[in-house]
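Student: Here it is, the structure in full.
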Amino acid sequence: MTPPPADASRPENARAKILRAARDLFNEHGTAAVSTNHIAERASVSPGNLYYWFRNKSAIISALFDEWSAASTPVTPADESPAALLRALLATEAQNSVTAQAYRGLSRDLLPLLHADAELAERYRENFRARSAALTTAAQQLVSAGLLRSPGGDEQVRAFVSAFWVLTEFSAPFGEVVQGAEPPERPQPLAGTVLAGMLTDTGRAALSAAANEVDA
């Protein structure tokens, strides 16, 4: 067995340095323009050290997708009430918009990356199926509770959830192109704005009451 590199006694630190460097470079230049040598140089590790942790650039991209997915875990409602579910849904959108901004290099190149890597594409589809199913259930509960306007039947609710997902995933690169400058830390909450437009008077009142409780 090949002995590990000198700093392998601290795998989390070395691995994290490589991933942080890759994420920063992908954000700055896109995934296609960045090589493993570029990543190793930015991370201040040798190419051999990088290959100890990741067999190639695709493995680094896959690990960053895992980070992105883990950071996009839905916010848990404070209780089982519809109002708490609505607040958690809006908080999830706000959190995920910031996360997509942090991983905007992947977000920008998302579709080409998924088309080029069948295994990554299947993992992405599984993640979408699981989380969109949970979002659809949440949206249906909010419609039933009178906090959200119904977009139609079950099929329309699923379509709304898909649109919500796409807006969250692609707001960051869209903002980069439209603004034509260094992107802000907090992107425009496009998905949140669409969701807010679906609120009923009861839904807006529930959010207002929650805000008043926080300020009190």
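Student: Please report, in whole Å³, the volume per residue of the convex hull around the C-alpha atoms of the chain.
Tutor: Values: hull volume 35.0 nm³, N = 216.
Dividing the Cα hull volume of the chain by its residues yields 162 Å³.
Student: Oh, and also: Alpha carbon centre of the range 64-96 versus the range 12-57: separation in Å?
Tutor: 29
Student: Just how large is the dipole of the chain about the Cα centre, in debye to the nearest 20, putting +1 at every Lys and Arg Cβ and -1 at every Asp and Glu Cβ? Write down the numbers at each step before the final one.
Tutor: Working: 19 positive and 24 negative charges, 73 e Å.
Roughly 340 debye for the chain.
Student: Compare the Cα positions of Ala94, Phe160, Leu50 along the charge dipole of the chain (+1 at Cβ of Lys, Arg; -1 at Cβ of Asp, Glu; about the Cα centre) and return the one farthest towards the positive end.
Tutor: Leu50
Student: Nearest 0.05, what FRET efficiency do Arg204 and Ala59 give at R0 = 45 Å with Cβ-Cβ as r?
Tutor: Values: r = 46 Å, r/R0 = 1.03.
The pair Arg204/Ala59 has a calculated efficiency of 0.45.
Student: Please state the relative contact order of the chain as a whole percent: Cα pairs under 8 Å, 6+ residues apart? Can you show the working numbers first?
Tutor: On the way: 196 pairs, mean separation 43.8, N = 216.
After rounding, I find 20 percent.
Student: What is the Cα radius of gyration of the range 6-63 over 2.2 N^0.38 Å, N being its residue count?
Tutor: Working: Rg = 10.3 Å, N = 58, 2.2 N^0.38 = 10.3 Å.
Cα Rg divided by the expected 2.2 N^0.38 Å: 1.00.
Student: In which sequence would Lys57, Lys17 go, from the one with the fewest C-beta neighbours within 10 Å to the one with the most? Write out the running numbers ahead of the final one.
Tutor: Values: Lys57 18, Lys17 21.
Fewest-to-most ranking of Lys57, Lys17: Lys57, Lys17.
Student: With an 8 Å cut-off on Cα pairs and a minimum separation of 6 or more residues, tell me the relative contact order of the range 6-63 in percent.
Tutor: Numbers: 32 pairs, mean separation 19.1, N = 58.
Relative contact order of the range 6-63: 33 percent.
Student: Here's a follow-up. Apply 1/(1 + (r/R0)^6) to the Cβ-Cβ distance of Asp117 and Glu41, taking R0 = 30 Å, and write down the FRET efficiency to the nearest 0.05.
Tutor: On the way: r = 24 Å, r/R0 = 0.81.
Computed FRET efficiency for Asp117 and Glu41: 0.80.
Student: Here's something else I'd like to know. Pulled fully out, how much extra length does the chain show between Ala102 and Ala134, if you take 0.36 nm times their separation in residues and subtract their Cα-Cα distance?
Tutor: Values: separation 32, 0.36 × 32 = 11.52 nm, distance 2.40 nm.
Extra length from Ala102 to Ala134 when fully extended: 9.1 nm.
Taken together, the values in this text are just the output of simple stated rules run on the coordinates, not laboratory data. The structure presented is a predicted model; accordingly, all values stated were derived computationally and were not measured. Positions of Cβ are generated from backbone atoms using ideal geometry, with glycine treated the same way; all protein chains shown enter the neighbour counts.
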